[in-house]
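To start, the structure itself, in structure tokens.
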Amino acid sequence: MKVLQLSWEEARRIAIRAQLLDGDRPKDLLEVADRLTFLQLDPTAVVAPAADLVAWTRLGPTYSPAHLEQALEQDRTMFEHRDQPSKVEPALALLRPIADIGLHLPGMIALRSTDGQVRTWLEANAGFRQRVLDQLADSGPLSSREIPDTCEVPWASTGWTNDRNVTQMLQFLGSRGFVAVAGRRGRQRLWDLAERIYPTDIEAIPADEARRILDERRLRSLGVCRPKLVGSAGVPAEIEGTAGEWRLDPEATADGFEGRTALLSPFDRLSHDRARAVELFGFEYTLEMYKPKDKRRWGYFALPILHGEELVGKIDATADRKTGCLQVHAVHEDVPFTPPIKDAVQAELTTLAKWLRLDTVHLP
């Protein structure tokens with residue numbers, strides 16, 4: 001197959017457009033979730049929770065967190081599931097379109113026959129498992145706190161999950177497709193039988209076919225990426241200034257690209273893959289919330305700044321809801337900000353503060 005040649009500029013524009021961050025904004029939340037394939041759930045709300053910030057960055061002021069709650073709990077157009085966003089990442093709490101459930105059922109079913117500590121523990125707790133399922137059938141949706149711990153064998157771990165038997169049982173049953181998240185009460189997940197949450201008329205797609213489609217969908221959401229993420233999906237490409245093979249979404253194009261300015265979540269998939277961000281954008285970034293304060297370069301929850309086809313810097317900011325202020329602690333310029341960049345960033349900060357229902361923006 002012919003290897004396509006992309007300029008650095010073309011590759012960046014394709015990546016930005018694939019993530020719905022160009023000037024052509026999507027129409028609604030479901031379109032965002034369908035294109036990105038998932039929204040990551042993370043409770044950190046220094047500015048806003050990850051899923052909400054990612055959705056706002058795409059949709060703008062028309063988006064409200066209530067839309068996400070409605071999609072999950074009322075319309076049932078999305079479902080929450082702990083899964084791997086890509087082949088090289090750990091399992092995370094994700095929101096996905098319910099229309100894609102058939103693509104993920106094979107993975108859930110496959111886990112049921114997987115050997116190891118989890119299967120051994122589930123078999124040793126057959127009675128506990130059935131009691132959990134019976135209680136959900138009678139009284140669900142329920143939080144983990146509303147289900148008594150009647151395990152036969154406690155879950156053993158050196159981490160925070162040690163002896164968290166109800167939480168672990170629900171998580172393991174959820175990952176295997178027996179129960180599902182029905183909604184949330186604050187930060188607590190509410191669980192119910194999967195048959196009450198997932199459509200009953202959708203059959204699992206054969207595993208090999210599902211993997212192929214998921215690779216294609218993942219590539220479509222990124223535009224261009226390394227084969228380790230998507231296997232043989234797409235077509236081979238080479239990008240100016242980089243070595244080795246890339247995979248390109250065959251429908252992606254840089255033609256007619258119109259950029260805009262956006263403040264990205266630290267979990268945003270445009271910059272989440274650190275090696276890809278360096279190769280495509282010359283952008284160095286690390287989420288530093290887990291680092292000691294004196295080891296941070298950019299701040300606890302720094303937001304990458306997209307301007308046009310470049311990642312131009314980071315903003316270290318906090319939403320201070322007590323004082324009604326979006327407090328900007330620092331603006332890190334990876335390239336010198338021209339007056340148009342400064343004006344665009346300031347406008348985006350003002351828009352973000354208004355969306356967060358904060359009265360002012362305090363700059364350093």
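Miscellaneous remarks
- Condition met for Val46 (of a type in the set (Val, Ile, Thr) and in contact (Cβ under 8 Å) with a residue 40 or more places away in the chain): yes
- Residue match in the range 303-313 (condition: under 17 Å from the mean Cα position of the chain (by Cα) and modelled with pLDDT of 95 or more): yes
- Among residues of the range 82-135 being surrounded by 19 or more Cβ atoms within 10 Å (Cβ to Cβ) and basic (Lys, Arg), the one that is nearest to His272 (Cα to Cα) is Arg96.
- Failed condition for Ile197, given (1) touching a strand residue (DSSP E or B) at 6+ places or on another chain (Cβ under 6 Å); (2) surrounded by fewer than 20 Cβ atoms within 10 Å (Cβ to Cβ); (3) in contact (Cβ under 8 Å) with a residue 60 or more places away in the chain: (2)
- Selected residue (criterion: modelled with the lowest pLDDT) from residues of the range 87-117 that are β-branched (Val, Ile, Thr) and outside any loop (DSSP other than H, G, I, E, B): Ile109
- Qualifying residue in the range 31-49 (condition: farther than 22 Å from Met289 by Cβ and over 14 Å from the mean Cα position of the chain (by Cα)): yes
- Pairing each residue of the range 141-154 that is over 15 Å from Leu173 (Cβ atoms) with any residue that is in a loop (DSSP other than H, G, I, E, B) and not aliphatic (A, V, I, L, M), provided the two are 6+ apart or on different chains, yields C-beta distances under 7 Å for Glu152/Asn125; Val153/Asn125; Pro154/Asp163.
- Pick from the range 73-86, criterion out of contact with any Lys or Arg (no Cβ under 7 Å at 6 or more places or on another chain) and not in a strand (DSSP E or B), ranking: nearest to Arg176 (Cα to Cα): Gln84
- Within the span defined as the range 200-219, every residue fails to be touching a residue at least 60 places away in the same chain (Cβ under 8 Å), touching a Phe, Trp or Tyr at 6+ places or on another chain (Cβ under 8 Å), assigned to a loop (DSSP other than H, G, I, E, B) and crowded, with 16+ Cβ neighbours inside 10 Å.
The values are calculated or read from the model by the stated rules, or taken from the named source; none is laboratory data. Here the structure is a predicted model, which is why all the values come from computation and not from measurement. Methodologically, a virtual Cβ is constructed for each residue, glycine included, from the backbone with ideal geometry; neighbour enumeration extends over all protein chains shown.
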